[in-house]
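The structure under discussion appears below in the form of structure tokens.
The values are calculated or read from the model by the stated rules, or taken from the named source; none is laboratory data. This one's a predicted model, so the numbers in the text were calculated from it and none came from an experiment. What goes into the accessible areas is simple: the full protein's heavy atoms, side chains included, and nothing from ligands, DNA or RNA. Shrake-Rupley method; radii C 1.70, N 1.55, O 1.52, S 1.80 Å.
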Amino acid sequence: MQTLANFGDGGGPGPWILLFPVIWALVIGAGVVLLRRTVWRGRRGGPWRQSAVRDDSPIAVLGHRFASGEIDEDEYWRRLSVLNEEFGRKGGVA
């Protein structure tokens, strides 16, 4: 701190040296924000994340049939419970 106190006589770097920690904090903060917006978002389920159920799986086909109106809600839930038991999905319906 002695050099900061004597900055007027040319004996120290001056008070602008305090900007370096601020600049580094901004650089690190920008890096964290960039990582959160790109790389880390994929872990939570971004658009590029692979689905837990494939499109050609029986559960997906059942969902498509229900969405298109081929089967009613009761039949959907009945068949889904059978498929969940058969294919061993844990934790219920995603």
Checklist entry - If a residue has to be at pLDDT 85 or above and open to solvent by 40 Å² or more (accessible area, probe 1.4 Å) to count, how many in region 55-74 make the cut? => result 12
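Before we move on, is Trp40 modelled with pLDDT under 75, among the hydrophobic types (A, V, I, L, M, F, W, C) and within 38 Å of the chain's Cα centre (by Cα)? Full working, then the answer.
Numbers: modelled with pLDDT under 75: yes; among the hydrophobic types (A, V, I, L, M, F, W, C): yes; within 38 Å of the chain's Cα centre (by Cα): yes.
In short, yes.
Quickly run through region 1-15 and pick out the residues that are assigned to a helix (DSSP H, G or I) and either modelled with pLDDT under 75 or of a type in the set (Ser, Thr, Tyr) (or both).
Residues of region 1-15 that are assigned to a helix (DSSP H, G or I), as a first pass: 2-5, 7-9, 15.
Across region 1-15, the qualifying residues are Gln2, Thr3, Leu4, Ala5, Phe7, Gly8, Asp9.
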Checklist entry - Hey, does region 16-35 have a residue that's modelled with pLDDT under 85 and part of a loop (DSSP other than H, G, I, E, B)? => result no
